[in-house]
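Trainee: This is the structure I want to talk about, given as structure tokens.
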Amino acid sequence: MPIDIERAISGELPAIPFTWSQDDIILYNLGVGAGDPPDDPAELKYAYEDELVAVPSFGTIPPFAMMMSVGTVDGIDIELARVLHGDQALTVHSPIPTSGTVTQTGRVVDVFDKGRGALIVLEVVSVLEKTGESLFTNRSGIYVRGQGGFGGEPGPGATNQRPERQPDEVVETHTLPQQALLYRMSSGDKNPLHADPVFAALAGFDRPILHGLCTYGVVLKAVTESVLGGEPERVGSYEARFTGHVFPGETLVTRIWEEEDRFLIETDVEERGRTVLANAVVVPRTQGAGLR
């Protein structure tokens, strides 16, 4: 069997350090939709080095190469062409500096049987070299098509489901037709599915699709600007499940519900009425943040 559960669980990912600069932060921010309009101070803080801040989902970038190395873990023999990103949880332990280096450790936390596929749960902890303290922790659910049915545990069900009431806030975000081309350069994820029309067609799509983690970042920026006062340092944690694809150029409609000390989120594509991000939640670093 391609996935040997007993050998895979607790298997370690190759430790890959990551260094970034102000330019990397700016490029990432632009990749998730910052800078529109370019003369808005709320946007310039993401795109100009004078008072630069990072969209907190930048924390998903340093561990990306480690996540893609999952096929090297003892007990896991999979084809990356069968891999989909199922969900992502990010904990930001302290505000992300605009330059720095992290050392990283990663492991396989669990493997769940989803029937038609297997869900491999990976965890990567990124430690800021300058301070020796954890900067962010990522937990990624990697779905492998065709590897389920081995009789394992199905894993936890959906959490963070939105309330059955009108949202407290609705934000529309227009993605660029070239958004995937920009994000692939800012993230290092050069999967041809996001750039090559022929490859996208072979995968069953009409045209290249946007990276799931790009949608993830676009939505977090929208939430930060709309309900956290435009203060990215207030983001403590963010998790979401990917439920559909986005074509570059489509409009994302993000609905936000305030519930005690957290914000529940669901995002649809306006043009096709399809939910693309669900079971999502942002927990502010300070309790009781409240809508602004």
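Trainee: Filter region 164-173 down to residues that are open to solvent by 50 Å² or more (accessible area, probe 1.4 Å), assigned to a loop (DSSP other than H, G, I, E, B) and in contact (Cβ under 8 Å) with a residue 24 or more places away in the chain and give me whichever is nearest to Ala222 (Cα to Cα). Please lay out each step first, then the result.
Mentor: First, pick out the residues of region 164-173 that are open to solvent by 50 Å² or more (accessible area, probe 1.4 Å): 164-166, 168-170, 172.
Subsequent filtering for residues that are assigned to a loop (DSSP other than H, G, I, E, B) retains 164-166, 168.
Remaining after also requiring in contact (Cβ under 8 Å) with a residue 24 or more places away in the chain: 165, 168.
Numbers: Arg165: 20, Asp168: 14 Å.
If we take residues in region 164-173 being open to solvent by 50 Å² or more (accessible area, probe 1.4 Å), assigned to a loop (DSSP other than H, G, I, E, B) and in contact (Cβ under 8 Å) with a residue 24 or more places away in the chain, then Asp168 is nearest to Ala222 (Cα to Cα).
Trainee: Report, ordered by the first and then the second residue, all pairs with beta carbons closer than 8 Å, sequence separation of six or more or different chains, a first member in region 105-134 that is under 22 Å from Phe58 (Cβ atoms) and at pLDDT 95 or above, and a second member that is among the aromatic types (Phe, Trp, Tyr) and open to solvent by 40 Å² or more (accessible area, probe 1.4 Å).
Mentor: If the second residue must be among the aromatic types (Phe, Trp, Tyr) and open to solvent by 40 Å² or more (accessible area, probe 1.4 Å), the pairs left are Ser126/Phe18.
Trainee: Residues in region 214-243 that are closer than 22 Å to Leu44 by Cα, of a type in the set (A, V, I, L, M, F, W, C) and touching a Ser or Thr at 6+ places or on another chain (Cβ under 9 Å): how many?
Mentor: Qualifying residue count for the region: 7.
Trainee: Something else about it: So which residues in region 50-83 are surrounded by fewer than 20 Cβ atoms within 10 Å (Cβ to Cβ) and among the polar types (S, T, N, Q)?
Mentor: Those that are surrounded by fewer than 20 Cβ atoms within 10 Å (Cβ to Cβ) and among the polar types (S, T, N, Q): Ser69, Thr72.
Trainee: Residues that are more than 15 Å from Gly86 (Cβ to Cβ) and open to solvent by 70 Å² or more (accessible area, probe 1.4 Å): does region 114-126 have at least one? Explain how you work it out, then say what you get.
Mentor: Looking only at region 114-126, we keep the residues that are more than 15 Å from Gly86 (Cβ to Cβ), and these are 124-126.
From what is left, the residues that are open to solvent by 70 Å² or more (accessible area, probe 1.4 Å) are none.
No - not one qualifying residue is present in region 114-126.
Trainee: Shifting gears a bit: Taking the conditions exactly as written (in contact (Cβ under 8 Å) with a residue 24 or more places away in the chain and loosely packed, with under 14 Cβ neighbours inside 10 Å), does Gln161 satisfy them or not? Spell out the reasoning first.
Mentor: Working: in contact (Cβ under 8 Å) with a residue 24 or more places away in the chain: yes; loosely packed, with under 14 Cβ neighbours inside 10 Å: yes.
Criteria met by Gln161.
Trainee: Further question on the same structure: With the requirement that a residue be basic (Lys, Arg) and closer than 24 Å to Val283 by Cβ, what does region 76-115 give you? Before you say what the answer is, go through the steps one by one.
Mentor: Of region 76-115, the ones basic (Lys, Arg) are 82, 107, 114.
Matches in region 76-115: Arg107 only.
Trainee: Among the residues of region 195-221, which ones are touching a Lys or Arg at 6+ places or on another chain (Cβ under 8 Å), modelled with pLDDT of 95 or more and open to solvent by less than 20 Å² (accessible area, probe 1.4 Å)?
Mentor: Hit for region 195-221 is His211, nothing else.
Trainee: Now for a separate question. Look at Asp39 and say whether it is surrounded by fewer than 12 Cβ atoms within 10 Å (Cβ to Cβ) and either over 29 Å from Phe150 (Cβ atoms) or basic (Lys, Arg) (or both). Spell out the reasoning first.
Mentor: Values: surrounded by fewer than 12 Cβ atoms within 10 Å (Cβ to Cβ): yes; either over 29 Å from Phe150 (Cβ atoms) or basic (Lys, Arg) (or both): yes.
Answer is yes for this residue.
Trainee: Of all helices (runs of 4 or more DSSP H) completely enclosed by region 174-292, which ones contain at least 1 residues that are in contact (Cβ under 8 Å) with a residue 24 or more places away in the chain and under 30 Å from Pro156 (Cα atoms)? Step through it out loud before you land on a result.
Mentor: Details: elements: 179-187, 197-202, 212-227.
Per the criteria, 179-187, 212-227.
Trainee: If you check Gln147 against the conditions, is it more than 30 Å from Glu49 (Cβ to Cβ), free of Cβ contacts under 8 Å to residues at least 24 places away in the same chain and in contact with a strand residue (DSSP E or B) (Cβ under 9 Å, 6 or more places away or on another chain)?
Mentor: Values: more than 30 Å from Glu49 (Cβ to Cβ): yes; free of Cβ contacts under 8 Å to residues at least 24 places away in the same chain: no; in contact with a strand residue (DSSP E or B) (Cβ under 9 Å, 6 or more places away or on another chain): yes.
No; evaluated as a whole, the condition is false for this residue.
Trainee: Quick test for you: out of Glu153, Glu133, pick the one residue that is open to solvent by 50 Å² or more (accessible area, probe 1.4 Å) and farther than 30 Å from Pro2 by Cα. Outline the logic, then answer.
Mentor: On the way: Glu153 fails: farther than 30 Å from Pro2 by Cα.
Exactly one of Glu153, Glu133 is open to solvent by 50 Å² or more (accessible area, probe 1.4 Å) and farther than 30 Å from Pro2 by Cα, namely Glu133.
The values are calculated or read from the model by the stated rules, or taken from the named source; none is laboratory data. Here the structure is a predicted model, which means the values were calculated and not measured. FYI the Cβ positions are ideal-geometry reconstructions off the backbone, even for glycines, and counts take in every protein chain you see. Only protein heavy atoms, including side chains, enter the accessible area calculation; ligands, DNA and RNA are left aside. Shrake-Rupley method; radii C 1.70, N 1.55, O 1.52, S 1.80 Å.
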